[in-house]
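Read-outs throughout are calculated quantities, based only on the coordinates presented, and are distinct from any laboratory measurement. None of these values were measured; they are calculated from a predicted model. Here the Cβ positions follow ideal geometry from the backbone for every residue, glycine too, while neighbour counts run over all protein chains shown.
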Amino acid sequence: NGSEHGRPYFETLFVTAAPSANMSKIADEIRRLRRKEDGMVYEPVIVGSIEDALIATLMNGKIEAVVIYDGIPVSSQHEVPMLRDFLKSHLDLEDSSITQGQTGLTLARLIKRVRPELDIYMLTDRAVEKLAGDPAASMIRRVFYEVEELMEVHLNVLEGVGERFSTPFFDNLKRYAARP
């Protein structure tokens, strides 16, 4: 896709355990959140496992934010032995060492190791206060209840990327130059 009406464009990775048949429906739902007043536009990239998320993060430089739904599986549904070996050797990703309740945090930690600049958000049905206060979750920008409005997630993604790409001096210079 490119940018819509000249707005800056980026991609956001959504990592969900939803069945792959629902992924295009989820992408459409996310696209419907776009508003004319949004300063940027993003396209959702949806994957279903830790392995797929790490591969997407490593291979897709357009990804600027990651939204992780808690309880995702570790292994990809795709048979990719070479990539699996790469992830095991370079990121110490061992399927058996990750407990079911820690998959989201594990993915967040691994993503921060390879792309520390990315904003990471987590949706969970666990105690959000406990997770948000956990030092192991310090790399997560914001934790949401899974049932929270998706628009909240959308607005936070735009705000986070916008903050990272803001150029106060240059923006003020452009405003000054545009004055009559």
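Here the stretch 121-165 and the stretch 1-63 have alpha carbon centers that stand 16 Å from each other. Over the stretch 1-54, the fraction of Cα-Cα pairs per 10 Å bin, rounded to whole percents and listed from the shortest bin up, is 23, 48, 24, 4.
Its convex hull of Cα atoms gives the stretch 111-176 a direction-averaged projected area, equal to a quarter of the hull surface, of 6.0 nm².
Excluding residue 168 itself, what net charge comes from residues whose Cβ is under 12 Å from its Cβ, given Lys and Arg +1 and Asp and Glu -1? Walk me through the numbers on the way to the answer.
Values: positive: 174, 175; negative: 163, 171.
Surrounding charge for residue 168 is 0.
Equivalent-ellipsoid semi-axes for the chain (Cα gyration tensor, √(5λ), whole Å, largest first): 30, 18, 17. Here the chain is scanned for GluC sites (Glu not before Pro) in DSSP loops (not H, G, I, E, B) that have at most 15 other Cβ atoms within 10 Å, and the longest stretch holding none of them is 38-78. Considering only alpha-carbon pairs that sit under 8 angstrom and 6 or more positions apart, the relative contact order computed for the chain is 21 percent.
With 0.36 nm allotted per residue and the present C-alpha distance subtracted, the residue 175-residue 18 stretch has 52.0 nm of extension available.
In summary, the helical segments of the chain meeting the span-like criteria, namely a full DSSP H run, a Cα extent along the axis of 18 angstrom or more and a mean Kyte-Doolittle hydropathy of at least -1.0, are 150-164.
Round to the nearest 0.05 the FRET efficiency obtained for residue 145 and residue 88 when R0 = 35 Å and r is the Cβ-Cβ distance.
Details: r = 33 Å, r/R0 = 0.94.
Taking R0 as 35 Å, the efficiency between residue 145 and residue 88 is 0.60.
If the reach is capped at under 21 angstrom between alpha carbons, list the lysines near residue 36, excluding any in the same chain fewer than eight residues apart. List returned: none. Net charge near residue 72: determine it from the other residues with C-beta under 11 Å of the C-beta of residue 72, scoring Lys and Arg +1 and Asp and Glu -1. Result for the local shell: -3. Computed per residue of the chain from DSSP H runs no shorter than four, each worth -39500 (n - 2.57), the mean residue ellipticity at 222 nm is -12500 deg cm²/dmol.
Remark: the stretch 67-77, residue by residue, has Karplus-estimated 3J(HN,Hα) of 10, 10, 8, 4, x, 7, x, 7, 7, 6, 6 Hz, where x stands for each Gly or Pro and the curve is 6.51 cos²θ - 1.76 cosθ + 1.60 at θ = phi - 60°. Fully extending the segment from residue 165 to residue 126, taken as 0.36 nm per residue of separation minus the present Cα-Cα distance, adds 10.8 nm.
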